[in-house]
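All remarks here apply to the structure that follows.
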Amino acid sequence: MNLNQLKQKYQYVDKDGVTRDRTLNIPHYFEEIPFIYSPHLDGGRIKFSAEMQKLYCYVADWEKSGSVCYEEQSELANVCGLKRRQTINLINTLELIGLITRTKIPGRRNRELRALPLTDAHVTPPEALTAQPVTVSDDVQYQSAPTTELEPDNPAEEHSTSYWDDIPCVWDDPAYQAKPKMTDQQGKPELPWGGVVFSKTNGDPIEAAVEWALTETMGDEEEAYKLISKVVSERTGRTEVFIPRAPEVYDDFDPIPF
């Protein structure tokens, strides 16, 4: 497939009849949002990972182009750089925290995804939100839709053993669920990788943690991040989820074509 064919694959016709390239635009200020807060989450927050940002913005960009996202889960998994099962978990989480909705459309196999606005309530710790007015981001236009349970693209796969054999995300595994503990770090022993620091300002685990976990898991990156999540969750008393960042292939291009 040559370049022109690739471009045509991801083009659409807007309301004025103009053919345009579909894009994935992630606002630069998302780098300053390490966590998304919600009372529906264990521990009250989750990391605003690159994968979560991509999926959220991808759904939002469909609406900005005058259409609605109803792509297959396998295609959404390619966008996020995740496995299909992990992508399903991510969609469930985005709906749980109020950033997307899903609607079953009669006669259509895939569910319709729509983005909801990112607000102060999503990005501000609850204890700091009481004195601030709620602000809604202008980056996302949306329409409300009923909440529904996500189903596999192929209903026959629902009871297929192989469909669910992919490694699940950390928050699915009871072994990685944190037990309530005091969050005060004073007087606690050092973490296995040394010191008491476990994350950078952007929410990613520090290099020492990654190096230690990779050694413990014989170089398995996914299991290494699960191990870091478990150790940090036990230390903080709340569920902490760390996911390896997908390779950024399009950093030098703006916007990224899809």
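Summary table
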{"item": "Lys/Arg +1, Asp/Glu -1 at C-beta; the range 5-114 dipole; positive extreme among Gln86, Val18, Leu55", "result": "Gln86"}
{"item": "Lysine pairs with alpha-carbon atoms under 20 Å apart, the range 1-114, spacing 8 or more or separate chains", "result": "9"}
{"item": "Extension reserve of the Asp21-Glu222 stretch, reckoned as 0.36 nm per residue once the Cα distance is removed", "result": "69.0 nm"}
{"item": "Computed E for Asp42/Arg109 - FRET, C-beta separation, R0 35 angstrom, nearest 0.05", "result": "0.60"}
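FYI, it's all coordinate maths here, none of it is from the lab. Just so you know, these numbers come straight off a predicted model, no measurement behind them. For neighbour counting, all protein chains shown are included, and Cβ atoms are generated from backbone atoms with ideal geometry for every residue, glycine included.
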